[in-house]
Amino acid sequence: MKHRAAMTHNTHTHCGSRRAFTLVEVLGVLALIAIICTFAIMPILRIIEEAKARAEQSSLKLLAAEIKSTFRMEDLEQHNVSALPGEMPTVLLPTFFEKAHYASAAESAVLFYTGTEACVDNAWYAKLARLRGQGPLNTTLNATEGPVREIVFNNYKRRRILIAGPQNEQYVQRYLLLSFAFPLTAGDNFEISPAPSEALGNSMADYTSWFDGIYNHSWGVAKGPPAGWSDKWSQESSTGKTYAQRVLVERITQRRFEVTVNNTSNEYELHMFANMANTNDFEDSLNKAKYFVDSTGLFDATGVFRNTLFGTHRGFLEGRRVRAFRVVIPPPPDPLNPTPTTPQKYPMYSFLINENTTVTMQD
């Protein structure tokens, strides 16, 4: 019995001799855990950023589809985003494109804004907001709610930008929708070369070169920005990508179509108009920026013409309403009454142009 008790006593003594971890050991373990977490968190952050970028790219695609849907709307001033200068009656306001359009003076080299600039009632985002049912706009973009906020800001609280391409391309009108997928930081100074403009004395070729540099750039792949952009775009962000690689784009195209006039009548002229403010808006067409083609190849100076019996006018924007008028050829002037006779125009039909079209009129 004594021997067994001694053994029991020794066992309890051995168990009570275990020592705790020292402070150095605890700190070492915590440091190791922190290192492991650092390596584990970085891939997670990249996955989150990539998911946000995919979501934003999907949003851009939806916005692009919404913009294209306006190309067929006849209310050019309130709803149609493709209401470009020279493509609509001058009595109406053209679409505002972020100060990046050939017909507008470039006020700043900064391509995107923080949202503190004033809302513009004829801007592309205002037209989309009206389609979504939003009423009057607020004074500044950062004060907007509802559809406008959803349109102009991405999930990084950065502005989305829509730029209109050159208007001298014969078969297409291009647009570029950009979104800057990185957080807003105070003091950011991401600059590009200013957009050339007619007001600054630049040619349309200058604007085309500037636009092509952005439109054709390998966004998301190339580490550097287009020529003329600041070096800051080449710096790597926290995700391991450069800021240039985090610019998301959606390219939008609107086709242009030809209208061929085939008039074999000896009694009537065939006049074609587009971009009319109303059905009687064919007077003084040269000053209202409307296309006009007749059997002698006459029309306004916005496009190319063929001065033959089968005159061809190219460049009608997709979705525009084209109206055909039969015009009575006035008799020769009377020497005794030299007052010219006003030609009488009679509407024949109209259509929304969606393909190359030939219009024929016979006696």
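Readers should treat all values here as calculations from the given coordinates under stated rules, not as data from a laboratory. What you see is a predicted model; the values in this text were computed from it and never measured.
Before moving on, here are some points about what is shown:
- Available extension along the chain between residue 357 and residue 230 is 41.1 nm, counting 0.36 nm per residue and deducting the alpha carbon span.
- Normalised contact order of segment 47-255, rounded percent, pairs of Cα under 8 Å and 6 or more residues apart: 22 percent
- Overall, the anisotropy analysis places segment 199-262 in the oblate class: the square-rooted eigenvalues a ≥ b ≥ c of its C-alpha gyration tensor yield a/c not less than 1.5, with a/b not exceeding b/c.
- With only the Cα atoms considered, segment 122-234 has a convex hull volume of 152 Å³ per residue.
- Rounded if a/c under 1.5, otherwise prolate or oblate - segment 47-255, Cα gyration tensor axes: oblate
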